[in-house]
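The values are calculated or read from the model by the stated rules, or taken from the named source; none is laboratory data. Quick caveat: nothing in here was measured; it's all calculated off a predicted structure. Every residue, glycine as well, gets a Cβ built from its backbone with ideal geometry; the counts of neighbours run over all protein chains shown. Side chains are part of the model used for accessible areas, which takes the heavy atoms of the whole protein and leaves out ligands, DNA and RNA. Shrake-Rupley method; radii C 1.70, N 1.55, O 1.52, S 1.80 Å.
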Amino acid sequence: MSSSSIVIRGGTVVNPSGNEVADVRIVNGLIDAVGTGLQGDVILDAAGAYVSSGFVDLHTHLREPGKEEAETIETGSRAAALGGYTAVVAMPNTDPAQDSVMVVRFVRERGEAAGLCEVIPSGCITMGRNGANLVPYASLAAEGVHIFTDDGNGVQDPLLMRRALEYAAPLNVTLAQHCEVSRLTEGAVMHEGACCSSMGVPGWPAIAEELMLHRDIELVRLTGARMHFLHLSTKGSVELVRQAKADGLPVTAEVTPHHLALQDELLRGFDPLFKVNPPLRTAEDIEALKAGLIDGTIDAVATDHAPHAAHTKEQPLDAAPPGMLGLETALAVLNTAVNVDVRRIAEVMSWNPAQIAGVGDHQGRPIAVGEPANIAVWDTTSVWTVSRDELASRSKNTPYHGMEVRGRVRHTIFRGELVVQEGKALK
Amino acid sequence: MKHLLSTHDLSIDNIVAILDTADHMTEINARPVAKVPALRGRTVASVFFEDSTRTRLSFESAAKRLSADTMTFSAASSSVNKGESLRDTIETLSAMGVDAFVVRHKSSGVPAAITQWTGASVINAGDGWHQHPTQALLDTYTITRSFGLKDSLQGRSIAIVGDIKHSRVARSDIDVFTRLGAEVILVAPPTLLPHNIATWGVKTASSIDEVVGKVDVLYMLRMQFERMDSGVIPGLAEYSSRFALTPARARLLSPHALVMHPGPMNRGIEMVVDPSDLPGSRILQQVANGVSVRMAVLFTILGGGATATLQQGVDA
């Protein structure tokens, strides 16, 4: 690690204790000083920008191993760094799936080799995400796996889900559910509502998410185990989580930028770019999700970054895979779609997800002397137009192409190293 | 008009103009030699990714009567079975020189998607549960001409009976019929109705007995057997008891009422009565009109800017 010093000059430092205008100096991977008039070898302009702990994404599909034509750990890490992320949780629906020590180690090592952000492997809940056999939780936890999920599939069997919660609870890990009763979504393409009805495609009803969410909240009540709920998409889901939290249950929840910003109406042209699971929903759902994000019912914004090679999205809407890019646009889309203050942005993009991901000892930390230098510098005022051709991801399936957004990541520092400067990746 | 993807793309004026053109085509089809040179030198490719006999033959007859060259592509005997993508298939055919694609696909939205990959016109010959616009046009043509009407269905009531939810014919017909002023009544068990039809401007009825004596048109849809396997309805016998057109029910029809069906019929399921016993049956007329209407659509899309006007094409 370089012993030269970096000074972030003139930004507003965002901390849980409050905001203050200050310079921040980084030496040897740590924050060395916070104050005014600091000098250093590299000076980063942060005037008009905020300086917070780096963002932590709870929900990133890096596609490696198995689908390297869509994304690799390196290209996805670069996209993450450009989005202000210093840590991402790599979803386990790779091929082979992240259900063994070997695959989990591979993902972590590839992330370290890329060196653009911390790649935190998650584990499956069941072997090969088959919904039938539990993974070796303790062995994976010993490798640093904290989040376990069959994301892409909900765990259908309630007995298996109960056992997973009971078995995993004493290991101090978190099970994360993709809530979807699959019998209710067979062949589903988009939100079941007026739009899908006139388009003549099978619908994905809100109840399919809410039924499993309700079941799992009750399993949390029964077992006492902690649980995280992935990508909430419906008004009813927000209400279920709100009530569970009011009851004091150890649950957390995330929402994606696209579920806050985009409606099912966008699918009218049958463009698979807007197909995602869970699907884009209605204005009413969006309003409920925004309210839940603002009032604390929803803890984190997570991207569900899901790269797909172009040819796979050039299929009929029902055959194309669901998913959209998210890492490089998350801050801007959140800031554009939702009226949130700067502190809440830092909370839902960094502080809370760092805790949920089990990396709160070195990510999502205060900007203070002696803390590890995982830092994002960003603003909420720069207006820019998203272009799929300018993204670092290996895939181009952003739903925001051509859209004007507000708010931009300026610099990202990962473990004391400047990896993004003035919106450009340095490696 | 460049493409015909959905009835929603057609204004009422567009619809009326196509039906007027179809009158000319009907006149051509009545000639001893039913062929005119209107689309000579144009190439129409029928690209059917899903089995269909009548619609494909109807389009091909229409193209040939206008002297267009035709190409036929059917998925069963094509490189699609070797894994060729939709995009590659269309780009390949397009490179051979195609002026219009007539497309049938089991997935909703495919004709719209294809427009990205070709400069040719695209005509939707049925996509998933979504749309079958030429069926709606030929149905509207059949109804208006049977009643001596031109450009309106005002004051007419049309019951559509059967599996509305999975029917592209129903979605297309409902749009055109309601916009032309007809009262449309959907007759189906709730599991075969689409969700959120409150905004569709239609009524519903839960048995054919509620409507059979009152309507001007009884439009029967094909009941698809696979719906039984998926548990959408309890069984065929129960379905027939509530939704089939039986001889007893047929006797209750108004004397002027029309009976229609897009085909193919399930005799003994939704059609228990023999349609040839029904004076009001227009089922074969629909097939004949289908050729005229598809000629009108092809001419509307491909004839514009050509050397031939319709009259020149007709009279040359």
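Conditions (1) under 30 Å from A:VAL276 (Cβ atoms); (2) assigned by TED's automatic domain parsing to the domain that holds A:ALA332; (3) crowded, with 24+ Cβ neighbours inside 10 Å; (4) touching a strand residue (DSSP E or B) at 6+ places or on another chain (Cβ under 6 Å), marked per residue:
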{"site": "A:ALA22", "(1), (2), (3), (4)": "no, no, no, yes"}
{"site": "A:VAL27", "(1), (2), (3), (4)": "no, no, no, no"}
{"site": "A:GLY37", "(1), (2), (3), (4)": "no, no, no, no"}
{"site": "A:GLY66", "(1), (2), (3), (4)": "yes, yes, no, no"}
{"site": "A:GLU69", "(1), (2), (3), (4)": "yes, yes, no, no"}
{"site": "A:THR72", "(1), (2), (3), (4)": "yes, yes, no, no"}
{"site": "A:GLY76", "(1), (2), (3), (4)": "yes, yes, yes, no"}
{"site": "A:ALA80", "(1), (2), (3), (4)": "yes, yes, yes, yes"}
{"site": "A:GLY84", "(1), (2), (3), (4)": "yes, yes, yes, yes"}
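Against the definition (within 22 Å of B:THR26 (Cβ to Cβ) and out of contact with any Phe, Trp or Tyr (no Cβ under 8 Å at 6 or more places or on another chain)), how does B:LEU137 come out, yes or no?
Criteria met by B:LEU137.
Out of (1) over 20 Å from the mean Cα position of the chain (by Cα); (2) crowded, with 24+ Cβ neighbours inside 10 Å; (3) among the small types (Gly, Ala, Ser), what's the single condition that is false for A:ALA302?
Of everything listed in (1) over 20 Å from the mean Cα position of the chain (by Cα); (2) crowded, with 24+ Cβ neighbours inside 10 Å; (3) among the small types (Gly, Ala, Ser), A:ALA302 misses just condition (1).
Which count do you get for residues in the stretch B:198-234 that are in contact with a Ser or Thr (Cβ under 7 Å, 6 or more places away or on another chain) and under 17 Å from B:ASN266 (Cβ atoms)?
Total satisfying the criteria: 3.
Within the stretch A:206-218, is even one residue open to solvent by 10 Å² or more (accessible area, probe 1.4 Å) and within 14 Å of chain B (Cβ to nearest Cβ)?
Restricting attention to the stretch A:206-218, the residues satisfying the condition of being open to solvent by 10 Å² or more (accessible area, probe 1.4 Å) are A:206-207, A:210-211, A:214-215, A:218.
Checking the rest, the ones that are also within 14 Å of chain B (Cβ to nearest Cβ) come to A:206-207.
Yes; the residues of the stretch A:206-218 include at least one that is open to solvent by 10 Å² or more (accessible area, probe 1.4 Å) and within 14 Å of chain B (Cβ to nearest Cβ).
In the stretch B:173-200, which residues are touching a helix residue (DSSP H, G or I) at 6+ places or on another chain (Cβ under 9 Å) and facing another protein chain (nearest Cβ under 10 Å)?
Selection gives B:ILE174, B:ASP175, B:PRO194, B:HIS195, B:ASN196, B:ILE197, B:ALA198, B:THR199, B:TRP200.
More than 19 Å from the chain's Cα centre (by Cα) and within 14 Å of another protein chain (Cβ to nearest Cβ): does that describe A:PRO250?
Numbers: more than 19 Å from the chain's Cα centre (by Cα): yes; within 14 Å of another protein chain (Cβ to nearest Cβ): no.
For A:PRO250, the condition - more than 19 Å from the chain's Cα centre (by Cα) and within 14 Å of another protein chain (Cβ to nearest Cβ) - is not met.
Could you list all residues from the stretch B:129-145 that are buried (at least 24 other Cβ atoms within 10 Å of the Cβ) and out of contact with any helix residue (DSSP H, G or I) (no Cβ under 6 Å at 6 or more places or on another chain)?
Result: B:ILE143, single match.
Farther than 28 Å from A:GLY187 by Cα and either in contact with a Ser or Thr (Cβ under 7 Å, 6 or more places away or on another chain) or within 14 Å of chain B (Cβ to nearest Cβ) (or both): is that true of A:ASP318 in this structure?
Values: farther than 28 Å from A:GLY187 by Cα: no; either in contact with a Ser or Thr (Cβ under 7 Å, 6 or more places away or on another chain) or within 14 Å of chain B (Cβ to nearest Cβ) (or both): yes.
No: the conditions fail for A:ASP318.
For a quick check of your reading of the model, give me the residue pairs whose first member lies in the stretch A:188-200 and is more than 8 Å from chain B (Cβ to nearest Cβ) and over 17 Å from A:LEU262 (Cβ atoms), whose second is among the hydroxyl-bearing types (Ser, Thr, Tyr) and open to solvent by less than 10 Å² (accessible area, probe 1.4 Å), with beta-carbon atoms closer than 8 Å and at least 6 apart or on different chains.
none
Being modelled with pLDDT of 55 or more and either small (Gly, Ala, Ser) or not assigned by TED's automatic domain parsing to the domain that holds B:SER121 (or both) is the filter; apply it to the stretch B:290-316 and report the residue that is farthest from B:SER58 (Cα to Cα).
Among residues in the stretch B:290-316 that are modelled with pLDDT of 55 or more and either small (Gly, Ala, Ser) or not assigned by TED's automatic domain parsing to the domain that holds B:SER121 (or both), the one farthest from B:SER58 (Cα to Cα) is B:GLY304.
Does A:LEU327 satisfy the criteria of being open to solvent by less than 40 Å² (accessible area, probe 1.4 Å), more than 14 Å from chain B (Cβ to nearest Cβ) and either in a helix (DSSP H, G or I) or without any contact (Cβ under 8 Å) to a residue 24 or more places away in the chain (or both)?
no
Looking at the structure I just gave you, is A:ALA33 surrounded by fewer than 24 Cβ atoms within 10 Å (Cβ to Cβ), in contact with a Lys or Arg (Cβ under 8 Å, 6 or more places away or on another chain) and not assigned by TED's automatic domain parsing to the domain that holds A:LEU230? Working first, answer last.
Numbers: surrounded by fewer than 24 Cβ atoms within 10 Å (Cβ to Cβ): yes; in contact with a Lys or Arg (Cβ under 8 Å, 6 or more places away or on another chain): yes; not assigned by TED's automatic domain parsing to the domain that holds A:LEU230: yes.
Judged against the criteria, A:ALA33 is a match.
When residues of the stretch A:270-288 are filtered for being within 13 Å of chain B (Cβ to nearest Cβ), surrounded by fewer than 23 Cβ atoms within 10 Å (Cβ to Cβ) and either aromatic (Phe, Trp, Tyr) or closer than 23 Å to B:ALA113 by Cα (or both), how many remain?
2
Criterion first (closer than 29 Å to A:VAL201 by Cα, among the aliphatic types (A, V, I, L, M) and within 19 Å of the chain's Cα centre (by Cα)) does A:VAL348 satisfy it? Don't jump to the end; show me each part of the working.
Numbers: closer than 29 Å to A:VAL201 by Cα: no; among the aliphatic types (A, V, I, L, M): yes; within 19 Å of the chain's Cα centre (by Cα): yes.
No.
Right, B:ARG145: basic (Lys, Arg), within 12 Å of another protein chain (Cβ to nearest Cβ) and not in a strand (DSSP E or B) or not?
Values: basic (Lys, Arg): yes; within 12 Å of another protein chain (Cβ to nearest Cβ): no; not in a strand (DSSP E or B): yes.
Considered against the rule, which asks whether it is basic (Lys, Arg), within 12 Å of another protein chain (Cβ to nearest Cβ) and not in a strand (DSSP E or B), B:ARG145 comes out as no.
Take the residues in the stretch B:274-301 that are surrounded by fewer than 19 Cβ atoms within 10 Å (Cβ to Cβ) and among the hydrophobic types (A, V, I, L, M, F, W, C); name whichever of them is nearest to B:VAL212 (Cα to Cα).
Ranking the candidates gives B:LEU284 first.
Could you check the stretch A:221-251 and list, in sequence order, the residues that are open to solvent by 30 Å² or more (accessible area, probe 1.4 Å) and touching a strand residue (DSSP E or B) at 6+ places or on another chain (Cβ under 6 Å)?
Passing the criteria: only A:ARG226.
Of everything in the stretch B:227-243 that's farther than 23 Å from B:HIS132 by Cβ and touching a residue at least 24 places away in the same chain (Cβ under 8 Å), which residue is most open to solvent (accessible area, probe 1.4 Å)?
B:ARG242
Would you mind stating whether A:LEU267 is at pLDDT 95 or above, within 13 Å of chain B (Cβ to nearest Cβ) and more than 18 Å from A:ASN352 (Cβ to Cβ)?
Working: at pLDDT 95 or above: yes; within 13 Å of chain B (Cβ to nearest Cβ): yes; more than 18 Å from A:ASN352 (Cβ to Cβ): yes.
The answer is yes for A:LEU267.
Select, from A:ASP361, A:ASP318, A:ASP341, the only residue that is in the same structural domain as A:GLY76 (by TED's automatic domain parsing), open to solvent by 10 Å² or more (accessible area, probe 1.4 Å) and without any contact (Cβ under 8 Å) to a residue 24 or more places away in the chain. First the steps, then the outcome.
Working: A:ASP361 fails: in the same structural domain as A:GLY76 (by TED's automatic domain parsing); A:ASP318 fails: without any contact (Cβ under 8 Å) to a residue 24 or more places away in the chain.
The unique qualifying residue is A:ASP341.
Mind checking whether some residue in the stretch B:201-209 is within 14 Å of another protein chain (Cβ to nearest Cβ), polar (S, T, N, Q) and free of Cβ contacts under 8 Å to residues at least 12 places away in the same chain? Quick ask: steps written out before the conclusion?
Within the stretch B:201-209, the subset within 14 Å of another protein chain (Cβ to nearest Cβ) is B:201-202, B:204.
With the extra rule that they be polar (S, T, N, Q), the set shrinks to B:204.
Subsequent filtering for residues that are free of Cβ contacts under 8 Å to residues at least 12 places away in the same chain retains none.
Checking the stretch B:201-209: not a single residue is within 14 Å of another protein chain (Cβ to nearest Cβ), polar (S, T, N, Q) and free of Cβ contacts under 8 Å to residues at least 12 places away in the same chain.
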